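Here's the structure we're looking at; comments come further down.
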């Protein structure tokens, strides 16, 4: 067979193999993305065509007080979740990795279980547990604050409690990633360090922490992206209230698109959030990499 | 208690119901190079790790110098260990790897610098101090691991199969370097290997381990010349000793006449002090280098494979009874495979073992 012939056959096979993905990607991602970008420059309703209005949606958005409230709430939520969940996951992973065999598998499963639940079930569980009148956690809250608190109707409690629910729900996955990372650190290194005279504290800070850092950085970045996209928990637990204290950017987008029928404006919100997530996560990942190199 | 070196008294180790080390006694004098050798699973690495303190000792006593260290922390035993995998800290430079223990001990900067540079000088690593382990070759990594041990100036160096990840050529080279290093430092060293060539070339004393027991210990050539059982005889020496079943056909003035089971027309007069009764079944051990090709009568070997190494060649074949035979030829180069050769052993160098494997002298 000639060289050209063989090359043609290889290309055909390659094309055949990537075609399904390319098709799905184009139809369900590339085209909708293009539509959202295009839509954000029009005054279109959710369904149907609109007229080109240039940057008017963006100008309106940057003058929208509610947008800044939402954005602030988003960053507040990130602050409440990203680092705490990583620290908690790390502590759990360190503890679980001390266990052996079946016991380790069992405990790991228990920690992973909430992650399997759909968000509606998660919020249902916590709504019950935190119910103002019957919630089994209310005595605990009463013991600390002196009286029961309707947490999802209290402007100070709402975001931290959504953060608690979110951490409980998603922590298992982070534990899993960190366990995998811990298992990748050879046992020899700990033995060598023990012979070198390292205490368990020193073994953690001088071996575990630096060698686990790539995984920790990954967890932090994934969490940042995930938590900036906060919507379901807020929608189901507090619906943005009270006094917009849990109103977040995606919530605003949802309202504009699906309740107020402002497709163009909602698209502009989506584009801005997308931009923020890209910038912040790239920035964070780069910062973490520099931190690791030092 | 003894004042220097490493001393084990009736040391045992079990993992659950499995006894891995079953009562080991040994004395390694200060400054000696001791080698633990044995097949995989014999417990040699476990024993080393017990001396290091990385494994608990179930029973017995381990002493380093005059100190009983049986239940001390690894760091307090005055030992340093070189791991098979090197166990270098991948995120630290060569310098920091070697300085690790000193940093933990919070030694002054000048002292750290001086000690690390001196060790690096000994090991020819001075040009690589800023590199990360991943940038080094296998041999260099090995040297860093040794350097990390040297910096700690331990009473005892422990090596756990340190050369088994290197290629053959580098292994020979590092072997020589280790021998030189031992002379230079004069410290007690304990070295674990499954490679009997490493054991023979490095050791002052070899401990042959099998099944959690020390089968025999002594200077390398003593083990070669005078193995105390069939296992040691088979393990020490390369290629390993030939074993043939035989029966005692009669007694001579100073020994026995043993008749080969695989070739009954052959019998040998072997000098022995303790003469087993006539008819006793024995095992005769003959080293490949002690079998001579002869034109006269002898053991007839059908050669099927010849390993020609240039200087010497090893002829592999079978006796008429089907028993495998290896014999060595020096200088001669003739294609022997497929032919039937006649060989005779040096009578004074036949080893006699009883059926349970113990040596009959």
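Scanning the range A:191-203 for residues that are more than 7 Å from chain B (Cβ to nearest Cβ) and either surrounded by 15 or more Cβ atoms within 10 Å (Cβ to Cβ) or under 16 Å from residue B:72 (Cα atoms) (or both) gives A:193, A:199, A:200, A:203. Listed conditions (1) more than 19 Å from the chain's Cα centre (by Cα); (2) at pLDDT 90 or above are all met by residue B:32, apart from (1). In the range B:57-72, the residue that is farthest from residue B:5 (Cα to Cα) out of those that are crowded, with 19+ Cβ neighbours inside 10 Å and within 14 Å of chain A (Cβ to nearest Cβ) is B:69. Could you check the range B:126-139 and list, in sequence order, the residues that are more than 14 Å from every other protein chain (Cβ to nearest Cβ), out of contact with any helix residue (DSSP H, G or I) (no Cβ under 6 Å at 6 or more places or on another chain) and buried (at least 16 other Cβ atoms within 10 Å of the Cβ)? B:136, the sole residue that qualifies. Residues in the range A:164-190 that are buried (at least 20 other Cβ atoms within 10 Å of the Cβ) and either facing chain B (nearest Cβ under 10 Å) or more than 30 Å from the chain's Cα centre (by Cα) (or both): A:189 alone. Going through (1) under 22 Å from residue A:88 (Cα atoms); (2) part of a helix (DSSP H, G or I); (3) free of Cβ contacts under 8 Å to residues at least 40 places away in the same chain; (4) over 23 Å from the mean Cα position of the chain (by Cα) one by one, residue A:208 falls short only on (3).
Matching residues to (1) touching a strand residue (DSSP E or B) at 6+ places or on another chain (Cβ under 6 Å); (2) in the same structural domain as residue B:342 (by TED's automatic domain parsing); (3) crowded, with 18+ Cβ neighbours inside 10 Å:
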| residue | (1), (2), (3) |
| --- | --- |
| B:284 | yes, yes, yes |
| B:293 | yes, yes, no |
| B:304 | yes, yes, no |
| B:309 | no, yes, no |
| B:313 | yes, yes, yes |
| B:318 | yes, yes, no |
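When the range B:90-106 is filtered for residues that are within 8 Å of chain A (Cβ to nearest Cβ), under 32 Å from the mean Cα position of the chain (by Cα) and closer than 28 Å to residue B:65 by Cα, the ones remaining, listed by number, are B:100, B:101. Within the group B:87, B:80, B:75, which residue is facing another protein chain (nearest Cβ under 8 Å), modelled with pLDDT under 90 and in contact with a helix residue (DSSP H, G or I) (Cβ under 9 Å, 6 or more places away or on another chain)? Criteria check complete, one pass: B:75. Within the range B:33-54, the residues that satisfy the criterion of being in contact with a helix residue (DSSP H, G or I) (Cβ under 9 Å, 6 or more places away or on another chain) and more than 10 Å from chain A (Cβ to nearest Cβ) are B:33, B:35, B:36, B:37, B:38, B:39, B:51.
Tallying residues that are under 11 Å from the mean Cα position of the chain (by Cα), part of a helix (DSSP H, G or I) and under 20 Å from residue B:79 (Cα atoms) within the range B:177-230 yields 1.
The values are calculated or read from the model by the stated rules, or taken from the named source; none is laboratory data. For clarity, every value in this text was computed on a predicted model and none was experimentally measured. Don't worry about glycine lacking a Cβ; one is built from the backbone with ideal geometry, like all the others, and counts go over all protein chains shown.
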